[in-house]
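The numbers here are math on the coordinates, done by the rules we state, and not lab data. Everything numeric in this text was worked out from a predicted model, so none of it was measured. Cβ atoms come from the backbone with ideal geometry, glycine included; neighbour counts cover every protein chain shown.
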Amino acid sequence: MEFFCYHRDRPDSVTLREELLEEHWSYMDRYQAQMIARGPTLTADGDIPTGSVHIVDLPDPAAARAFAFDEPSYQAGVYRDVLLRRWRNLLGRTMWDFPGGPDGGNRYLVLGLGAGQAADLAAPPDRGELIAYGPLLSDSGATWLGTAALVRARDPDTARVILTPDRYAGIEVHRWQFGGRPS
């Protein structure tokens with residue numbers, strides 16, 4: 001089962017986040033084989049982390065909760081909240097398989113929180129700039145709760161149009177970058 005996990009930083013937690021970076025990476029290294037995508041969200045200028053995205057393949061919702069809430073930065077209070085949902089990998093690949101590679105261009109997390117009838121259940125036909133894409137689902141996988149995408153785009157407005165605007169209670173766009181230990 002695939003899960004989308006978005007830890008959002010508390011205000012003024014950058015120093016603590018930096019202190020825990022090695023612990024965070026070590027923790028995530030344990031899940032490398034199951035990782036579909038990972039990386040921080042950032043302020044609009046790309047300078048300050050605002051959260052951390054992980055899309056990971058785990059056995060069940062209990063394992064996903066353990067993954068999200070045992071994470072060292074969560075335990076230390078870096079994060080103000082966690083969005084954890086089942087997710088379906090409609091591209092069938094990891095971020096490391098993205099043809100555009102880890103560098104070049106602007107990258108965004110586009111997060112649409114559902115409002116009623118399911119939308120965007122199929123990946124757009126032009127997948128060239130999509131890094132990851134899939135629906136957010138209930139633990140059982142039966143109920144659509146939204147859509148999450150990682151995309152390379154010119155700007156936030158261009159990234160936002162990946163989702164059907166009037167089908168969501170809200171659409172968030174966050175600057176994002178490929179994560180993991182620096183090479």
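Only Cα pairs under 8 Å and 6+ residues apart enter the sum, and on that basis the relative contact order of the chain stands at 27 percent. About the centre of its Cα atoms, the chain shows a dipole size close to 400 debye [charges on the beta carbon of Lys, Arg (+1) and Asp, Glu (-1) only; nearest 20 debye].
Put the Cα centre of region 135-183 next to the Cα centre of region 63-126 and the gap is 7 Å.
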